[in-house]
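Before we start, here is the structure in question, set down as structure tokens.
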Amino acid sequence: MNSLQYINDHKDRFLEELLELLKIPSVSADSKFKGDVRKAAEFVQQKLLDAGADTATLEETAGYPIVYGERMIDESLPTILVYGHYDVQPADPYELWDSPPFEPVIKNERIYARGACDDKGQMYMHLKSFEALMAEKELPCNVKFMIEGEEEVGSENLETYVRANKEKLAADVILISDTGIINNETPSITVGLRGLSYLEVEVTGPNRDLHSGMYGGAVNNPINVLCEMIASLKDDKGHITIPGFYDKVAELTLEERAKMNEAPFDLEDYKKELDLGDVFGEDGYTTLERLGIRPTLDVNGIWGGYIGEGAKTVLPSKASAKISMRLVPNQDSEEITQLFTDHFRKIAPASVKVQVTPHHGGEAAVVATNSVGYLAAEKAMEATWGKTPIPTREGGSIPIVALFQEVLELDSILLGFGLDEDAIHSPNESYGLFNYYRGIETIVHFYKHFAELSK
């Protein structure tokens, strides 16, 4: 394919363009970056036009714009809808980065920057594969792009947009690169994602901060109370204690679980990489099962009282925490949020008041492995790796996958190329140059095989 030669001939420019995009601090969660988020949208819009899109527009929402572009070459041909996001997670704490998060550097064949993998690097692969196919006049089907700027804050306005634009977004398959592979020697395709319920809790005691000597022992400390309440949400077997939490959890058969555990995984290497003495999780399940098919409850942040330098003997008025629950098929995110809220209020002692504020959520999704889209992805990976990819389930969440299934009645093919070592959402996020270029090539093959299998 001439488009593969085009990729090789232009790989340096492809990298420079990605580095330019990574310099834009498009942090959707922090309003101080509002202008930068829009700047990133405009960058993607222009690059779509440069690559050969018929149109590329900024579709305004109540929040950040969705970049929509398309190239329709023949209505009788199949259509691929590409989804991705141009917003990134906050880079805090900055002091833990080895280099500034929005000043990308390349070392050891990896790009280090916030968003390098999640999702700018992976999203941008699609623009470059599209460019290569267009430049060599090899585009075998129609393509539409929907690149949003609010994925990292729950895609709050995407559902409204999708429901209002069903005809515009009509396609035969949705292609997403926001997941990973097992390793660079073992290709894989994600066929399952967990859902999410994300919320914030606040525990309030006295009406003001108090002197811990004058009031300590007589007034309940909200930090102590919050810690005790959170600790009670799991037992010593890793089982979540919220009544009704597991009622609708989809259970896999022993055969399905055995198949999942055939994926290459070394527990000792896993512990060594994370500098852990041991792993922890729900009793009766392997680490791979805990990561892919079991629900979770985790504290993502906790604060209250005095945390500055030196000492301040204060008994705080309030304590707060952010909590996320990863959900599995059949669990409804709104129902789980309500179960959590009811239980958390119930276990609070009379000495405090509790407020629970839901932030965002989404449903779990499972993708069929016998569809034209999946088979095209399988053949595409076979073309670039020389191996048949392994279907896997990931622990992360892309809530819009379930939305696409419901509203557009389309499966999403999760053709991701990230690695665990990419440290997404963490300091020193990175993305391998091998993965970036191999991803571009594999996507080119996907177009070819999807068009052939759709005949």
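The values are calculated or read from the model by the stated rules, or taken from the named source; none is laboratory data. What you are looking at is a predicted structure, and each value in this text was computed from that prediction instead of being measured. A quick note on method: Cβ atoms are made from the backbone with ideal geometry, for glycine too, and the neighbour counts reach across all protein chains shown.
I'm trying to understand the selection: among the residues of the range 413-455, which are over 16 Å from the mean Cα position of the chain (by Cα) and either basic (K, R) or at pLDDT below 95 (or both)?
Hits for the range 413-455 are R438, K448, K455.
Looking at the range 410-419, can you tell me whether even one residue there is buried (at least 19 other Cβ atoms within 10 Å of the Cβ) and farther than 17 Å from L175 by Cα?
yes
Considering only the range 362-371, I want to know if a residue exists there that is crowded, with 19+ Cβ neighbours inside 10 Å, assigned by TED's automatic domain parsing to the domain that holds A116 and either modelled with pLDDT of 95 or more or of a type in the set (K, R) (or both).
No: the range 362-371 contains no residue that is crowded, with 19+ Cβ neighbours inside 10 Å, assigned by TED's automatic domain parsing to the domain that holds A116 and either modelled with pLDDT of 95 or more or of a type in the set (K, R) (or both).
I've got another one for you. Which residue, of T357, T341, is exposed (fewer than 14 other Cβ atoms within 10 Å of the Cβ), β-branched (V, I, T) and not in a loop (DSSP other than H, G, I, E, B)?
Testing whether each residue is exposed (fewer than 14 other Cβ atoms within 10 Å of the Cβ), β-branched (V, I, T) and not in a loop (DSSP other than H, G, I, E, B) leaves just T357.
Separate question: Take the residues in the range 43-62 that are in contact with a strand residue (DSSP E or B) (Cβ under 7 Å, 6 or more places away or on another chain) and among the acidic types (D, E); name whichever of them is farthest from V27 (Cα to Cα).
Only one residue fits best here, namely D54.
Next question. Say we look at the range 164-179 and pick out the residues that are farther than 15 Å from Y374 by Cα and among the acidic types (D, E); which of these is farthest from the chain's Cα centre (by Cα)?
So, considering only residues that are farther than 15 Å from Y374 by Cα and among the acidic types (D, E), the one farthest from the chain's Cα centre (by Cα) is E167.
Then there is this: Is it fair to say Q331 is modelled with pLDDT of 95 or more, within 23 Å of the chain's Cα centre (by Cα), closer than 25 Å to I230 by Cα and polar (S, T, N, Q)?
yes
Kindly indicate which of K137, K166 is under 24 Å from A451 (Cβ atoms), out of contact with any Asp or Glu (no Cβ under 7 Å at 6 or more places or on another chain) and without any contact (Cβ under 8 Å) to a residue 40 or more places away in the chain.
Matching residue, one of K137, K166: K137.
Something else now. Would you tally the residues in the range 384-426 being closer than 19 Å to S188 by Cα and assigned to a loop (DSSP other than H, G, I, E, B)?
Total satisfying the criteria: 15.
Would you say E452 is over 22 Å from A368 (Cα atoms) and assigned to a helix (DSSP H, G or I)?
The answer is no for E452.
Scan the range 186-201 residue by residue and report those that are under 16 Å from the mean Cα position of the chain (by Cα) and either closer than 23 Å to T357 by Cα or surrounded by fewer than 16 Cβ atoms within 10 Å (Cβ to Cβ) (or both). It would help to see each step written out before you state the result.
We begin by selecting, within the range 186-201, every residue under 16 Å from the mean Cα position of the chain (by Cα); these are 189-198.
Listed by number, the residues that qualify are R194, G195, L196, S197, Y198.
Further, regarding this structure: For E282, all conditions in the list (1) under 19 Å from G395 (Cα atoms); (2) exposed (fewer than 12 other Cβ atoms within 10 Å of the Cβ) hold save one; what is the number of the exception?
(2)
Right, another one. Contact list please: Cβ distance under 7 Å, first residue in the range 229-251 and at positive phi, second residue surrounded by fewer than 17 Cβ atoms within 10 Å (Cβ to Cβ) and among the aromatic types (F, W, Y), pairs at least six apart or on different chains.
Going by the 7 Å Cβ cut-off, the qualifying pairs are G238/F280.
Rundown of residues vs (1) modelled with pLDDT under 95; (2) crowded, with 23+ Cβ neighbours inside 10 Å; (3) not assigned by TED's automatic domain parsing to the domain that holds Y447, yes/no style:
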residue: V162; (1), (2), (3): no, no, no
residue: D178; (1), (2), (3): no, yes, no
residue: N184; (1), (2), (3): no, no, no
residue: V203; (1), (2), (3): no, yes, yes
residue: R208; (1), (2), (3): no, no, yes
residue: G213; (1), (2), (3): yes, no, yes
residue: G216; (1), (2), (3): yes, no, yes
residue: P222; (1), (2), (3): no, yes, yes
residue: E228; (1), (2), (3): no, no, yes
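Would you be able to tell me the number of residues in the range 279-321 that are within 16 Å of L267 (Cβ to Cβ) and within 21 Å of the chain's Cα centre (by Cα)?
Summing the residues that are within 16 Å of L267 (Cβ to Cβ) and within 21 Å of the chain's Cα centre (by Cα) in the range 279-321 gives 6.
Here's the yes/no breakdown for (1) surrounded by 14 or more Cβ atoms within 10 Å (Cβ to Cβ); (2) farther than 21 Å from N165 by Cα:
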| position | (1), (2) |
| --- | --- |
| E17 | yes, yes |
| K39 | yes, yes |
| D50 | no, yes |
| I80 | yes, no |
| P90 | yes, yes |
| K107 | no, yes |
| I111 | yes, yes |
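Let me ask something else about it. Could you check, for the range 304-326, whether at least one of its residues is within 30 Å of T388 (Cβ to Cβ) and buried (at least 17 other Cβ atoms within 10 Å of the Cβ)? Full working, then the answer.
Taking the range 304-326 as the starting set, the residues that turn out to be within 30 Å of T388 (Cβ to Cβ) are 326.
Now narrow it down to the ones that are buried (at least 17 other Cβ atoms within 10 Å of the Cβ): 326.
Yes, the conditions are met somewhere in the range 304-326.
Let me ask something additional. I'd like to verify a number: residues in the range 290-321 that are among the aliphatic types (A, V, I, L, M) and under 30 Å from R393 (Cβ atoms), how many?
Applying the first criterion (among the aliphatic types (A, V, I, L, M)) to the range 290-321 yields 291, 293, 297, 299, 302, 307, 311, 314-315, 319, 321.
Next, from what is left, pick out any that are under 30 Å from R393 (Cβ atoms): 291, 293, 297, 299, 302, 321.
Total meeting the criteria: 6.
Consider K168 carefully, then state whether it is surrounded by fewer than 23 Cβ atoms within 10 Å (Cβ to Cβ), assigned to a loop (DSSP other than H, G, I, E, B) and charged (D, E, K, R).
Taking the combined requirement at face value, the residue satisfies it.
For the range 300-313, what are the residues that are on the phi < 0 side of the Ramachandran plot and touching a helix residue (DSSP H, G or I) at 6+ places or on another chain (Cβ under 6 Å)?
If the condition is that a residue be on the phi < 0 side of the Ramachandran plot and touching a helix residue (DSSP H, G or I) at 6+ places or on another chain (Cβ under 6 Å), then T313 is the only one that fits.
Could you check how many residues of the range 285-303 are surrounded by fewer than 17 Cβ atoms within 10 Å (Cβ to Cβ), closer than 19 Å to K237 by Cβ and not β-branched (V, I, T)?
Residues meeting the conditions: 2.
Which one of these is touching a residue at least 24 places away in the same chain (Cβ under 8 Å), under 24 Å from G180 (Cβ atoms) and out of contact with any Leu (no Cβ under 9 Å at 6 or more places or on another chain): G121, G154, G149?
G149
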